[in-house]
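Right, one structure below, let's go through it.
Laboratory data are not the source of any read-out in this text; all were calculated from the coordinates shown. Since the model is a prediction, treat every value here as computed from it, not as a measurement. Counting neighbours? That spans all protein chains shown, and the Cβs are built from the backbone with ideal geometry, glycine included.
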Amino acid sequence: MPGFLRAFSIILIALSIVPASAAEKLRVGKAVAFAWTFTPLDVGIQTGIFAKHGLEIEASAFNGDAKMQQGLTSDSIDVGIGGGPGMAFMVKGAPAKAVGAMAGIPRNMAVMVGYDSPIKTVDDLKGKKLGVTTAGSLTEWIGRRIGTQKGWGPAGITTVPIGGMPPARAAIKTNQIDGYITSQEIGISLEEAREWRVITSAAPFVDHFITHVF
């Protein structure tokens, strides 16, 4: 973690070199508020690392990569931290570029279902609806990847763009979706609370991949 935080901080600082006597505001948006891999931003703010280098960080969070790309396009943020699949928006013309890779295989991402769900294994996910943050997001890519790797075809798993945690929790409770793809630490926490269960990590279905970029 210390090395990760240091590298993350160096890149953000390099994006805005300012005189030591002046604090420059840098607006940084996270694709989602709750991913552990994005916490270096919060740690850097709370420990004063950015302030020490003349940066005033204005942090914000979105409900997925697509929303964050809209923030970059509308000039609402200067830097975005999101999923690797979000780089596809740049190919489609989004006025942004990736400057750093933060993580490889998505070991911290997982599929989870309601605690009392009849879904017990990965095979039980065939034909089911999994909630994701937005279209074109890391979570949507993972859902499609699992279906492809299992040989179920493009319709093997239906991904439903639903946003962040509050709507996802409500949708699972009301059976609008069968499961949700998000960070594994969230799933473990809700499993301990007997609300959700983790079915699988995304790692077994992905080999070479860039999970997070900014």
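For labels at Ser74 and Ala101 in the simple 7 Å Cα→Cβ model, what's the distance in nm?
Result for the modelled spin labels: 3.2 nm.
Where in the stretch 108-140 does the amide nitrogen come within less than 14 Å of the point 7 Å from the Cα of Arg194, taken along Cα to Cβ?
Taking a point 7 Å out along Cα→Cβ of Arg194, the residues of the stretch 108-140 whose backbone N falls under 14 Å are 115-117.
Across the chain, how many lysine pairs, 8 or more positions apart or on different chains, have C-alpha atoms separated by under 23 Å? Please give the number.
Eligible lysine pairs with Cα atoms under 23 Å apart amount to 20.
What's the center-to-center distance, using Cα atoms, between the stretch 24-64 and the stretch 117-136 in Å?
For the stretch 24-64 versus the stretch 117-136, the Cα centre distance is 31 Å.
Which helices count as membrane-span-like in the chain under these terms: full DSSP H, at least 15 Å along the axis by C-alpha, Kyte-Doolittle mean of -1.0 or more? Numbers along the way, then the final one.
Values: long enough: 2-14 (18 Å, 1.77); 138-149 (16 Å, -0.53).
Those that pass (Cα extent of 15 Å or more, hydropathy at least -1.0) are 2-14, 138-149.
Compute a Gaussian network model of the chain, connecting alpha carbons closer than 10 Å, and tell me which residue from Ser201, Ser76, Ser183 fluctuates the most.
The residue with the greatest mean-square fluctuation here is Ser76.
Give me the Kirkwood hydrodynamic radius of the stretch 109-207 in Å, from all C-alpha pairs, to one decimal place? Don't skip to the end; give the middle numbers.
Numbers: mean 1/r = 0.0771 Å⁻¹.
This gives a value of 13.0 Å.
With each run of n ≥ 4 DSSP H residues scored as -39500 (n - 2.57), what mean residue ellipticity at 222 nm is computed for the chain after dividing by its residue count and rounding to the nearest 500 deg cm²/dmol?
After summing the helix terms and dividing by the residues of the chain, the value is -9000 deg cm²/dmol.
Is the shape of the stretch 69-115 rounded, prolate or oblate, going by the alpha carbon gyration tensor and its root eigenvalues a ≥ b ≥ c, with a/c under 1.5 for rounded and a/b larger than b/c for prolate?
Prolate is the answer for the stretch 69-115, as a/c is 1.5 or above and a/b outweighs b/c.
Could you please state, rounded to a whole Å, how far the C-alpha centre of the stretch 180-214 is from the C-alpha centre of the stretch 85-113?
Answer, in whole Å: 15.
What is the dipole size for the chain, taken about its Cα centre, with +1 at each Lys and Arg Cβ and -1 at each Asp and Glu Cβ, in debye to the nearest 20?
Using only the charged Cβ atoms, the result is roughly 360 debye.
For the stretch 51-200, give the share of DSSP beta bridges that are antiparallel, in percent and rounded to the nearest 5; count only bridges with both residues there.
Numbers: 9 of 15 bridges.
Expressed as a percentage, antiparallel bridges in the stretch 51-200 total about 60.
log₁₀ I(q)/I(0) of the chain at q = 0.08 Å⁻¹, via Debye over equal Cα point scatterers, no solvent, to two decimals?
Debye intensities relative to I(0), on a log10 scale: -0.29.
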